[in-house]
Structures are given as structure tokens and as C-alpha cells.
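Scroll down for the structure; my scribbles are underneath it.
None of the figures in this text is laboratory data; all of them are computed from the coordinates on show. Bear in mind the structure is a predicted one, so any value in this text is a computation, not a measurement. Quick reminder, even Gly has a Cβ in these numbers, built from the backbone with ideal geometry, and neighbours come from all protein chains shown.
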Amino acid sequence: DKGGHKHFMAKEIAEQPMVISDLLQAYLSEDGHSIDLPEGGIDFNKIDRLTMVACGTAFYACLTAKYWFEQLAGIPVEVDIASEFRYREPPVAGRTTAVFVSQSGETADTLAALRYCEGRADSILSVVNVPESSIARESDLALPIYAGAEIGVASTKAFTCQLTVLLLLALKAAETKGRLSAEELTDKLSLLRGVPGAINQVLEADQTFRAATRLLAESDNALFLGRGLMFPLAYEGALKLKEISYIHAEAYASGELKHGPIALIDKKMPVVVMAPKDQLFDKTVSNMQEVMARGGKVLLITDREGAAEAGDGVCQSLIMPEIDPILTPILYALPAQLLAYHTAVAKGTDVDQPRNLAKSVTVE
Ligand code: F6R
């Protein structure tokens, strides 16, 4: 049942405010001041390092979480693609907790990576959507993301729910390590409870995203750029676009532009820049200007302040609600999804069942 939507993907995008609210309700204490992990929880004082392993979109959720864990909690994080990790014989040294993120909980490479860590890592944690899945069952602790069934092959609500659970974990770690006071935690959690409302605001501006996709739908290629927390998001935006619209899209950390990809820039190359007005904004803007100086057409996704500061020359700006900087990945997942969705609809591709792809990749 598509609930009145044209595609499951549209339905699942629209469900995000609701599923994230449910998720927060499940993980937050009744007064909303603390984070309750399931029985057998995790003691972050006993963890020196996290090794996070996943595939595809779940891998980008892990990349985002690296920024959160390192900045908020001071815990070093290694992130790996499961198909690489499993055959490299990586040393899993010291007090390492291995974290596996998977919507289906059945991805063959991720499961094999988990089994490699059995007896090597101190403990095995998973972040899954399907609680009875193999990955959940073989973990010491499985954290559900409560996204509900995801039918569209391109992952949407599972991604934002994975991000939300991983952010809760990072905040919990920061509190345990004494890097966040009880008051600061309460404050962050109350901002987090504002995310579903902010997502609704983005969904209400859906028409603007549809209009913005003309540039992409007419192109054979696209580049996505982002810095800091927007770097993994750029990858997610490029992956969504190539999966469902079959447009060749690549993502780079903005700072990498001049180390090669800038050679691709001409007037036929649309460049999606994801840049909320945060500490790194000015750096991203200067990368963006390098693109524009070479005729590249920039689609800037930012907030009101960012749009005002970006100045002239941007082909199109999409204005996002203002939000606390640590929460931007959850909110900016929406434009990544909506741009891909509307481009695919404009091109007439099979949004829910893109060619060559399977929802659950149970063979390597
Ligand atoms: C992208 C997508 C895939 C999955 C990947 C991992 O939209 O859906 O990249 O994220 O196949 O799947 P799970 O999370 O089930 O392990």
C-alpha cells in the first residue's frame, strides 16, 4: 500500500518525521533528559575504539557517525566497506567495539565482516531495521532503528533512522566520557526532538525541489560536494541519484576538488553543493566559487544565512530550515533524497525497482 503516494519511495520519504519521532520515543527517557539503551547496554568508558562496517547507504551513515563520535565523544572510529574489511584480515586490537549497520540485517558482506569480528572485537553491536535478522541475532547487542518496512530499493527512511540512532549513541558516549554535561545533553536531545518538525518543513517545500531537478534531469553527469558532516551526505546524494535516475554522479569532499575533479567542470556539469552556514561554510563557498569561475552550474543547498552569504553566481539555491550543526546530516538527507526522486520521476525511470538492483544483497 503506497498510502496515496505514487511510489513507495515517496511514501517512505514522507514517513520520516513519524518514524524518527517513534524512534526518539523508544530511546529517550520519559522526561526526555536521557538516552535509554536496551538491556545489556554499552559502557563507553570501556571502549577505546570503534570499528564500523557496512555497505552502500549504511556505509555513509557510518561515515557520518565517525564525525559525531570523534568530535562529540573523542572516540576514534574506523569506517570500512564490508567487502573490503572482510578479506583484508584487519587487526581488531585492544578495547574495540565493532559496529555493523544494516537495514536488512542480511547483507552477505556485512554478515561475513561481523563473523570475522567474533572472538576478535570486545563486543559486537549492530544497528538494524529487522530485529530478527541474522546480523541482529549474531550481535551482542542489536539496536533497532524502528523505520518500519522499507520497500523502495533506494534506502531513505532507514538512512535517517540509522543516523538518528548513531547520533544518540555518540551523545551517550559523550555524556559517559564527561564531555557533555547532563544539561548539555538535555539541550541536544530537545533540539533532536525538533528534527521531525524541521523535516516536515522541508517536505512542505517539495515543489521547490521538483523545480530544481530540471538542471539534473537534462544532464548526463553531476558532482556532489560537501565538507565535514556534509561530506558523507554528498556521497549519499550521488548514490541516490545514480541508483534511481541512472545519471552518472560522483561525490567529493569539497577540499579535494582542486586535487583532480575540478578538471571535469564545464557548463555541462551541474554541481550540487551541500553547505549549511556552519564553521566550514566559508571554505565550501570558496570551493564553490572555483566551480562557478569555470562555468560549472551550482545548485546550493543551504539555509537562509548561507544563501545570503553565498553571493551571486549560484544557479539555484534551495533553502533549508536552520538547525543545530550536529543535526544537519539528518535534515540534509532530505534534499539528497528529493533531488534524486524528482529527477527519476522526470526521467520516467522505475523509481521503486531500479534496474540491476536488489533490496537485500544476500550474495557477495
Ligand atoms: C542504497 C541502498 C544500498 C544499501 C546496501 C546495504 O540506496 O539501499 O546501498 O544501503 O545494499 O544494505 P543493508 O543496509 O540492508 O545492509
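Things to note:
- Charge context of Leu168, other residues only, Cβ under 14 angstrom, K/R +1, D/E -1: 0
- Shape analysis of the stretch 78-162 places it in the prolate category; the axes a ≥ b ≥ c from the Cα gyration tensor give an a/c of at least 1.5, with a/b above b/c.
- Computed packing ranks the peptides 105-113, 175-183 as 105-113, 175-183, most packed first, by mean other Cβ atoms within 10 Å.
- Annotation: amide H-H contacts under 5 Å for Cys55 (H modelled 1.01 Å from N, sequence separation of 5 or more, or interchain): Ala82.
- Prolate/oblate/rounded call for the stretch 238-353, Cα gyration tensor, a/c under 1.5 rounded: oblate
- Vicinal HN-Hα couplings computed from phi for the stretch 48-56 (Karplus, 6.51 cos²θ - 1.76 cosθ + 1.60; Hz; Gly/Pro x): 9, 7, 10, 10, 10, 9, 6, 10, x
- Neighbour-count ranking [beta-carbon atoms within 10 angstrom, fewest first] of Leu191, Leu280: Leu191, Leu280
- The simple Förster model, with R0 at 45 Å and r as the Cβ-Cβ distance, assigns Asp122 and Ala293 a FRET efficiency of 0.35.
- Protection-proxy order for peptides 45-51, 224-230, 294-300, each taking the mean of Cβ atoms within 10 Å per residue, highest first: 224-230, 294-300, 45-51
- Once the chain from Asp187 to Lys46 is taken as fully extended at 0.36 nm per residue, the excess over their C-alpha distance is 48.2 nm.
- Couplings 3J(HN,Hα) for the stretch 63-71, derived from phi with the Karplus relation 6.51 cos²θ - 1.76 cosθ + 1.60 (θ = phi - 60°), are 4, 5, 4, 4, 4, 5, 4, 6, 6 Hz, where x marks Gly and Pro.
- Per-residue extension of 0.36 nm, minus the Cα-Cα distance of Arg137 and Glu309, leaves a gain of 57.0 nm for this segment.
- Label point at Ala112 placed 7 Å out along Cα→Cβ; residues across the stretch 342-364 whose backbone nitrogen lies under 20 Å: 357-364
- Under 5 Å from the amide H of Leu37 lies no amide H of any residue 5 or more positions distant or on a separate chain, with H modelled from the backbone and absent for Pro and chain starts.
- Once both labels are positioned 7 Å from their Cα atoms along Cα-to-Cβ, the gap between Ser21 and Lys177 label points is 3.3 nm.
- Degrees separating the helix 328-347 axis from the principal Cα axis of the chain, which is the longest one: 50
- Alpha carbon centroid spacing (whole Å) that separates the stretch 219-255 from the stretch 262-336: 12
- Added length on full extension, which subtracts the Cα-Cα distance from 0.36 nm per residue, Ser360 to Lys2: 126.9 nm
- Members of Lys2/Lys359; Lys258/Lys347; Lys157/Lys347; Lys6/Lys240; Lys11/Lys157 lying beyond 20 Å, as alpha-carbon distances in this model show: Lys258/Lys347; Lys157/Lys347
- Rounded if a/c under 1.5, otherwise prolate or oblate - the stretch 147-212, Cα gyration tensor axes: oblate
- Excluding same-chain neighbours fewer than eight residues apart, the aspartates and glutamates reachable from Lys277 by a Cα-Cα span under 17 Å are Asp303, Glu305, Glu309, Asp312, Glu322, Asp324.
- For the stretch 24-36, backbone phi angles converted through the Karplus equation (6.51, -1.76, 1.60; θ = phi - 60°) give residue-by-residue couplings of 5, 4, 5, 9, 9, 5, 4, 7, x, 8, 9, 9, 9 Hz, Gly and Pro being listed as x.
- Backbone N within the stretch 293-321 under 18 Å of label point (7 Å from Thr208 Cα along the Cβ vector): 298-321
- Residues Glu12, Glu78, Glu243, Glu364 arranged by fewest to most Cβ contacts within 10 Å: Glu364, Glu78, Glu243, Glu12
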